[in-house]
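A short worksheet on the structure shown next.
The values are calculated or read from the model by the stated rules, or taken from the named source; none is laboratory data. This structure is a prediction, so every number in the text was calculated from the model and none was measured. Please note: Cβ atoms are built from the backbone with ideal geometry, for glycine as well, and neighbour counts cover all protein chains shown. Heavy atoms of the whole protein, side chains included, go into the accessibility calculation; ligands, DNA and RNA do not. Shrake-Rupley method; radii C 1.70, N 1.55, O 1.52, S 1.80 Å.
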Amino acid sequence: MVIPTLNDERRLVPTLASLVAGAADGLIVEAILVDGGSTDETEAVADIAGCRLLKGSADRGARLAEAAAAAKAPWLLFIAPGVVLDEGWIREVRSFLENVSRHGEARRRAAIFAHGVDGFGMAPKLTSFRARLGFALGFGPAASQGLLINTAHYRSRGGHRPGQGSERAFARSIGRRGISVLRSRATPLDI
């Protein structure tokens, strides 16, 4: 698991809490936080949670690539701080991993989570609609939807590039047909 951070102390806590069950289940074998120079207590939160903290570049895309290069796990889960996964995410991720392994697609397919909504009214629903529409139109998923990808597949595609919108750009390089949308939601919290 890779989480890029920059002064994300408050957003990091609920994200890590939603991932604890995955670590207890053995699905998450390493947790890497790659920090761009936080001045808050992000490092303390990482330490308490037992995450490996890497000091990375100021550029988010470069940080993601640095963390992926340091990862030892066969699968990478990129997730943004402040995003909480639905309770059934472990079962769904396991099902995806088994399915791609069984069909020999591990180095060709990736997955994202469905976009969740935090709050009431039109604004959160509009944000979710824009995320779904952007993906459907080929602009790539929102960074808040996470990305689950085989490490070898990630590296063969060249990983994240530095610059604005690196997460969407990398997902676009995989292509819409190469990305499965899981039913479990990734909900960005309004913190």
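Could you pull out every residue, at least 5 positions away or on a different chain, whose amide H is within less than 5 Å of the one on Thr5? Hs are placed 1.01 Å off N in the peptide plane, and Pro or chain starts have none.
Here the answer is Val34, Asp35, Gly36, since their amide H atoms fall under 5 Å of that of Thr5.
If each DSSP helix of 4+ residues adds -39,500 (n - 2.57) and the sum is divided by the residues in the chain, what number results at 222 nm, nearest 500 deg cm²/dmol?
Values: 7 runs with 80 residues, N = 191.
So the calculated ellipticity at 222 nm is -13000 deg cm²/dmol.
Can you find, among Ser128, Ile90, Gly175, the residue farthest towards the positive end of the dipole of the chain? Put +1 on the C-beta of Lys and Arg, -1 on that of Asp and Glu.
Checking the options against the dipole of the chain, the answer is Gly175.
Over the chain, what relative contact order in percent results from Cα pairs under 8 Å that are six or more residues apart? Before the final figure, lay out the partial values.
On the way: 358 pairs, mean separation 52.9, N = 191.
About 28 percent, as a whole number.
Distance in nm between label sites at Ser156 and Ala70, each 7 Å beyond Cα in the beta-carbon direction?
Taking the simple label geometry, Ser156 and Ala70 are separated by 2.7 nm.
Charges at C-beta only: +1 for Lys and Arg, -1 for Asp and Glu. How large is the resulting dipole of region 27-113 about its Cα centre, in Debye rounded to 20?
580
Could you tell me which trypsin sites (Lys or Arg not before Pro) in region 106-136 are loop residues by DSSP with no more than 10 other beta carbons within 10 angstrom of their beta carbon? List each step's numbers first, then the result.
Details: sites: Arg107, Arg108, Arg109, Lys125, Arg130, Arg132; in loops: Arg107, Arg108, Arg109.
Within region 106-136, no trypsin sites (Lys or Arg not before Pro) qualify (loop, at most 10 other Cβ atoms within 10 Å).
Farthest toward the dipole's positive end in region 1-73, which of Thr5, Leu54, Ala70, given Cβ charges of +1 (Lys, Arg) and -1 (Asp, Glu) about the Cα centre?
Checked the options; the winner is Ala70.
Counting only the heavy atoms of the protein chains, how much of Thr39 is accessible to a 1.4 Å probe, in Å² to the nearest 10?
Number for this one is 120 Å².
What ranking, highest mean first, results for peptides 112-118, 79-85, 133-139, 157-163 when packing means the other Cβ atoms within 10 Å averaged over each residue?
Numbers: 112-118: 20.4, 79-85: 22.7, 133-139: 13.0, 157-163: 16.0.
Going by the mean number of other Cβ atoms within 10 Å, highest first, we get 79-85, 112-118, 157-163, 133-139.
For region 48-85 and region 110-167, what is the separation of their Cα centres, given in Å?
16
Measure off, as a whole percent, the carbon and sulfur share of the 1.4 Å-probe accessible area of the chain, all protein chains present. Write down the numbers at each step before the final one.
Numbers: 5110 of 9610 Å².
So the carbon and sulfur contribution to the accessible surface is 53 percent.
Determine the per residue accessible area of region 58-191 with all protein chains present and a 1.4 angstrom probe, expressed in square angstrom. Walk me through the numbers on the way to the answer.
Details: 6940 Å² over 134 residues.
The answer is 52 Å² per residue.
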